[in-house]
Structure formats: C-alpha cells, structure tokens
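Notes for the one structure printed next.
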Amino acid sequence: MIDYSQAIEKLRTQFSLQDGAFAIVVSLTEQRLLLVKNNEVIKSYPISGSVYGPGNRAGSNKTPLGAHRISEKFGDGAEIGTVFRARKKIDEVVKIYTDDTDLEEDLVTTRIMWLDGLEPGINKGKGIDSHSRYIYIHGTQEEGLIGRPASHGCIRMTNHEVIELFDQVPLGTLVEILE
C-alpha cells in the first residue's frame, strides 16, 4: 500500500495544497495513481509508468519524479480512442486492446493532462523539465499493459478512467510522483 501521507504533506507545506483540493499521488513501484482529497483516498487507479523506470533527464524516456501540477488539459468530449498528436485531436479513433498487445507506436488517446514540474533542479529547468519533455497523464490504445511499466515516460491510464480523472480534477491540481 502506498504511503501517500508524506507526499500530501510535502504538497501542503511546499506547494500550498489547500484543504478540500484534489491532489494526485503516483507510485511507480506499485503502478498506481491515487486521487486524494482532504487526506483521504477517493480512488485508486492502475497506471503504466515508463518501461525504463523513473528518471528526470530529457531524452531518457523515463517517468519523472517529484512535485508537478496539471498545467493544461486536452480532449474534453473526445470519443474514446481518439488519437492526439502534439495535443491536437486528429481524425483517427483506434481500436483499444485489452490483452497484452504491445504495439510499436505509443499513441496518446482520449484525454491529456500535461504536467509541469515544480522543483527546480529535479523536474524543472534545462535538461530535466517535465513540461518540455511533454510528460502527460493520458489514455492508451494498449489497455492490457496497464498495471505494469509500458510507457515512454508518461503516465498511462485506461481510457474510461482517464476520462473520469480528467472530469474531476481542475487545472492546477498538484501531482506527486514517487518511485
């Protein structure tokens, strides 16, 4: 079980998490995303972090650690399986695989929550900037891989669950990514 209390305390003391506000805690070890409000877990979702593990360097294809915020959201109202390129919806809706199909292309589907690192020298700044690395929480065509590392740095969710999360959390929601 993820010990999220220290992560929430960090977001509260260092990044002004307000009482009553949603926060997200991601555990790469457990491949889980927790939606937290008033220090209580509202929902726990399986995710897929990077197949290369945690890391903050640009070009590493690793999932960055530390405090982030949701800086932008894309895809409101898009159909499940809608493909996004450079955060723009294209005229393509793909088949969603629920088995262990591992496709060559890593598509971004359904919804995007773009993360902005908040910790200079860790996930903000030259060569390590999560926003410049295009780190998202997003849907995937490869739902059967959720629950184990499979991405190229982003946090993947099932399409139904990324819609649920997208609809609940506002811009500015704080996110702590743990090993």
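Read the figures in this text as sums done on the coordinates, not as results from a lab. Model, not experiment: these values are computed from the prediction. Because the Cβ atoms are built from the backbone with ideal geometry, glycine has one as well, and the counts that use them run over all protein chains shown.
Would you grab the residues whose amide H sits under 5 Å from the one on GLU72? Only those 5+ places off in sequence or on another chain, please, with H modelled 1.01 Å from N.
TRP114
Roughly how compact is the chain, stated as its Cα Rg over 2.2 N^0.38 Å to two decimals?
Taking the Cα Rg and dividing by 2.2 N^0.38 Å, one obtains 0.95.
Once R0 is set to 45 Å, what does the formula 1/(1 + (r/R0)^6) return for the Cβ-Cβ distance between ARG85 and GLN6, expressed as a FRET efficiency to the nearest 0.05?
Using R0 = 45 Å, I get an efficiency of 0.75.
Spelling out what I want: for every residue of region 82-95, take phi, set θ = phi - 60°, compute 6.51 cos²θ - 1.76 cosθ + 1.60 (Karplus), and round to whole Hz; glycine and proline get x.
Rounded to whole hertz, the list is 4, 8, 10, 10, 6, 6, 10, 5, 10, 7, 8, 10, 9, 5.
FRET efficiency for GLU105 and THR13, Cβ-Cβ distance as r, R0 = 30 Å, nearest 0.05?
With a Förster radius of 30 Å, E is 0.15.
For region 36-44, what does the Karplus curve 6.51 cos²θ - 1.76 cosθ + 1.60, with θ = phi - 60°, yield as ³J(HN,Hα) per residue in whole Hz, taken in order and with x for Gly and Pro?
So the J values, rounded to whole Hz, are 10, 9, 6, 6, 10, 6, 7, 7, 10.
More than 21 Å apart: what percent of Cα pairs in region 81-179 qualify?
Summing the P(r) of region 81-179 above 21 Å gives 35 percent of all pairs.
For a quick check, take a GNM of the chain with Cα springs below 10 Å and name the residue from GLU104, GLU164, GLU142 with the largest mean-square fluctuation.
Per the Cα network of the chain with a 10 Å cutoff, GLU104 tops the list.
Could you point to the residue in GLY117, THR98, LEU145 farthest towards the positive end of region 97-151's charge dipole, with +1 and -1 charges on the Cβ of Lys/Arg and Asp/Glu respectively?
Projecting each Cα onto the dipole axis, the largest value belongs to GLY117.
Helix-derived [θ] at 222 nm for the chain: sum -39500 (n - 2.57) over DSSP H runs of at least 4, divide by residue count, nearest 500?
The helix-only estimate for the chain comes to -3500 deg cm²/dmol at 222 nm.
Tell me the chymotrypsin sites (Phe, Trp or Tyr not before Pro) within region 7-72 that lie in a loop according to DSSP and have at most 14 other beta-carbon atoms within 10 Å.
Of the chymotrypsin sites (Phe, Trp or Tyr not before Pro), the ones in loops of region 7-72 whose Cβ has at most 14 other Cβ atoms within 10 Å are TYR52.
Calculate how steeply helix 159-168 sits against the longest principal axis of the alpha-carbon atoms of the chain, using the helix alpha-carbon long axis, and give the answer as 0 to 90 degrees to the nearest 10.
For helix 159-168, the angle is close to 40 degrees.
Under unit Cβ charges (Lys, Arg +1; Asp, Glu -1), what dipole magnitude, rounded to 20 debye, does the chain have relative to its Cα centre?
620
Looking at this model, which pairs from LYS95/LYS126; LYS88/LYS126; LYS10/LYS89 are more than 31 angstrom apart at the alpha-carbon?
Exceeds cut-off: LYS95/LYS126; LYS10/LYS89.
Using DSSP to define loop residues, name the trypsin sites (Lys or Arg not before Pro) in region 9-91 whose beta-carbon has at most 16 other beta-carbon atoms within 10 Å.
Those that pass, being in a loop and sparsely packed, are ARG57, ARG87.
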